[in-house]
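Input: a single structure, listed below in C-alpha cells.
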Amino acid sequence: MGSYRIAAIPADGIGPEVIGAGIEVLGALQRLDPELRLAFTHFPWGSDYYREHGVMMPADGLDALRAFDAIYFGAVGDQSVPDHVTLWGLRLAICQPFDQYANVRPTRILPGLSSPLRDCERGDLDWVIVRENSEGEYAGMGGRAHRGHAIEVGTEVAVFTRAGVERIQRFAFELARSRPRKHLTVVTKSNAQRHGMVLWDEVAVEVARDYPDVSWDRELVDAMTVRMVAKPKSLDTIVATNLHADILSDLAAVLAGSIGIAPTSNLDPSRRFPSMFEPIHGSAFDITGKGIANPIGAFWTAVMMLEHLGERENAARLMRAIEEVTASGVRTPDLGGTARTADVTAAVCDALAAVHA
C-alpha cells in the first residue's frame, strides 16, 4: 500500500468522460482502503490545447511527466485536426521518449457479455496481445519529396532493430510463461516482407530456446485474422509488430463484445520512466458528449495501472466489481443496453462497496 502520483491526460473526444469516470471509481476504491492514496494531476493537453497553442502539449511536457508514477490517458484525435498531428503530437510523443516499448492488451469475454462469434463461450477467448510499441511501422522514419507535383513521393520506413525485436519477444515469452497455458503465437508477414519480418522470425527461434517450458507457434498476420475468428481457443498470448498488433487488438476487442471494454498499458518495463495506461477505443466522435460512452475500458485500464503500481489486491477488487456489473446486465449501447456512462460508473462504485463489505 502507498501513495502514488498519477498524471491524468483525458485529451480528446470521449477521453474526458471515461477518464473522469475512472477517477471517480478509483476515488471510491480509495475511500474503502484509506492506505491507498492516488493523487491526480490533470493536464489539459490535446486538440483543444492545439487550437489555442499550436501544439498538442508544451515543449516541457515530458519533463512535467517524469516525476509521476503513472499516466492515465484518455484518447487522442479530433475531427478538425489531422490525425497524424494529434497522434504524433501527444500519444506517440510520450510513448517513444519514455521507451514504453511493451503495449499490453488483454482480451477476454467478461461475465454477462457474449461474443459475436457463434458458439464462442467465455473461456474460449482469453488472450493477451503484446504489441511492440517503439519502432516498426510507427518508427516515424520517412519523408515527402516533390510536393504538389505528379512525381511526389511519400516514404514510410518500417524500422526493426534486433534489440527492439528481441526485447519485446522476451517480454512476450515471459508473459506467456506466467499464464496457465504457457503458449505464445508470434505474428509476422515474412512471406512478403522479407527483411524486417524475417528478422522477427529468426529472433523468435533464438529467444524460444531460453523458454523450453513455453510452447509457441508462428502465424502470418492475414492468417491470424482467420484463426482469431475460426479457432479462438487455439490462442493465448500473442506478440506482433506495432502495426499488426494495433489492428489485431481492435479485432480482438470486438470479438470479446465491444471495443469499449478493452484496456491497454504502455509499459517501460525498466521503470526508468512512468508507464501510460489508456482504453483502446479512441476518441469516438460519434458519441462524444452524449453521456453514453462505455467506461469499462477505462476501468479495466485502471486495474492494469494498479497492478503495475503493485496494488494487486486493490486491482483484483476493482476487477471483481467490474465483472459483477457486466454480469448484472448494466450495459451501455455498444453492448446492446441503455445505460449511460454515469449509470455504469455508479454501479461499479456500488459493487466495490459490496465487495468490500
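The values are calculated or read from the model by the stated rules, or taken from the named source; none is laboratory data. Because the structure is predicted, anything quoted here is derived from the model rather than measured. Neighbour counts run over all protein chains shown; Cβ positions are idealised from the backbone, glycine included.
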Before we move on, is Ala302 closer than 23 Å to Phe171 by Cα, outside the structural domain of Thr86 (by TED's automatic domain parsing) and in contact (Cβ under 8 Å) with a residue 40 or more places away in the chain? no
So Gly196, is it over 22 Å from the mean Cα position of the chain (by Cα) and touching a residue at least 60 places away in the same chain (Cβ under 8 Å): yes
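In the range 176-192, what residues are closer than 21 Å to Val221 by Cβ, assigned to a loop (DSSP other than H, G, I, E, B) and either of a type in the set (Ser, Thr, Tyr) or free of Cβ contacts under 8 Å to residues at least 12 places away in the same chain (or both)? Quick ask: steps written out before the conclusion?
If we filter the range 176-192 for residues that are closer than 21 Å to Val221 by Cβ, which is where we start, we get 176, 183-192.
Going one step further and asking which of them are assigned to a loop (DSSP other than H, G, I, E, B), we end up with 189-192.
Answer for the range 176-192, where residues must be closer than 21 Å to Val221 by Cβ, assigned to a loop (DSSP other than H, G, I, E, B) and either of a type in the set (Ser, Thr, Tyr) or free of Cβ contacts under 8 Å to residues at least 12 places away in the same chain (or both): Ser190, Ala192.
Scan the range 285-317 for residues that are part of a helix (DSSP H, G or I), among the basic types (Lys, Arg) and either under 14 Å from the mean Cα position of the chain (by Cα) or surrounded by fewer than 18 Cβ atoms within 10 Å (Cβ to Cβ) (or both) and jot them down.
Kept after step one, since they are part of a helix (DSSP H, G or I), are these residues of the range 285-317: 285-287, 296-308, 312-317.
Then keep just the ones that are among the basic types (Lys, Arg); that gives 312, 317.
Correct list: Arg312 only.
Quick one: how many residues across the range 88-109 are in a loop (DSSP other than H, G, I, E, B), in contact with a Gly (Cβ under 8 Å, 6 or more places away or on another chain) and surrounded by fewer than 22 Cβ atoms within 10 Å (Cβ to Cβ)?
If we filter the range 88-109 for residues that are in a loop (DSSP other than H, G, I, E, B), which is where we start, we get 96-101, 109.
So of that shortlist, the ones also in contact with a Gly (Cβ under 8 Å, 6 or more places away or on another chain) come out as 96, 101, 109.
Those still in the list that are surrounded by fewer than 22 Cβ atoms within 10 Å (Cβ to Cβ) too: 96.
The number of residues fulfilling the criteria is 1.
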Within the range 138-175, tally of residues that are surrounded by fewer than 16 Cβ atoms within 10 Å (Cβ to Cβ) and in a loop (DSSP other than H, G, I, E, B): 8
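Being of a type in the set (D, E, K, R) and touching a residue at least 40 places away in the same chain (Cβ under 8 Å) is the filter here; which residues of the range 46-90 pass it?
First pass over the range 46-90, keeping only residues of a type in the set (D, E, K, R): 48, 51-52, 60, 63, 66, 69, 78, 83.
Across the range 46-90, the qualifying residues are Arg66, Asp69, Asp78.
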Could you please find all residues in the range 318-341 being assigned to a helix (DSSP H, G or I) and in contact with a helix residue (DSSP H, G or I) (Cβ under 6 Å, 6 or more places away or on another chain)? Leu318, Met319, Arg320, Ala321, Ile322, Glu324, Val325, Asp334, Thr341
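Scanning for something within 22 Å of the chain's Cα centre (by Cα), over 22 Å from Glu219 (Cβ atoms) and of a type in the set (Gly, Ala, Ser), does the range 118-130 turn up at least one residue? Give the derivation first.
From the range 118-130, those within 22 Å of the chain's Cα centre (by Cα) are 122-130; that's our starting set.
Narrowing the set further to residues that are over 22 Å from Glu219 (Cβ atoms) leaves 122.
Restricting the remaining residues to those that are of a type in the set (Gly, Ala, Ser) gives none.
No: the range 118-130 contains no residue that is within 22 Å of the chain's Cα centre (by Cα), over 22 Å from Glu219 (Cβ atoms) and of a type in the set (Gly, Ala, Ser).
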Output the residue which, of all residues in the range 208-228 that are farther than 17 Å from Ala245 by Cβ and in contact with a helix residue (DSSP H, G or I) (Cβ under 8 Å, 6 or more places away or on another chain), is surrounded by the most Cβ atoms within 10 Å (Cβ to Cβ). Val214
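Going through Val221, Val205, Val214 one at a time, which residue ends up being more than 23 Å from the chain's Cα centre (by Cα), under 24 Å from Ala158 (Cα atoms) and not small (Gly, Ala, Ser)?
Values: Val221 fails: more than 23 Å from the chain's Cα centre (by Cα); Val214 fails: under 24 Å from Ala158 (Cα atoms).
After ruling out the rest, the residue left standing is Val205.
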Long-range neighbours under 9 Å by Cβ, at least six apart or interchain, first residue within 16 Å of Val104 (Cα to Cα) within the range 158-169, second acidic (Asp, Glu) and buried (at least 21 other Cβ atoms within 10 Å of the Cβ): Gly164/Glu132; Gly164/Glu135; Val165/Glu132; Val165/Glu135; Arg167/Glu132; Ile168/Glu132; Gln169/Glu132
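Yes or no, residue by residue, for (1) under 15 Å from Ile168 (Cα atoms); (2) touching a strand residue (DSSP E or B) at 6+ places or on another chain (Cβ under 8 Å); (3) in a loop (DSSP other than H, G, I, E, B):
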position	(1), (2), (3)
Arg227	no, yes, no
Lys233	no, no, no
Ile238	yes, yes, no
Leu243	yes, yes, no
Asp246	yes, yes, no
Ala253	no, yes, no
Gly257	no, no, yes
Ser270	yes, no, yes
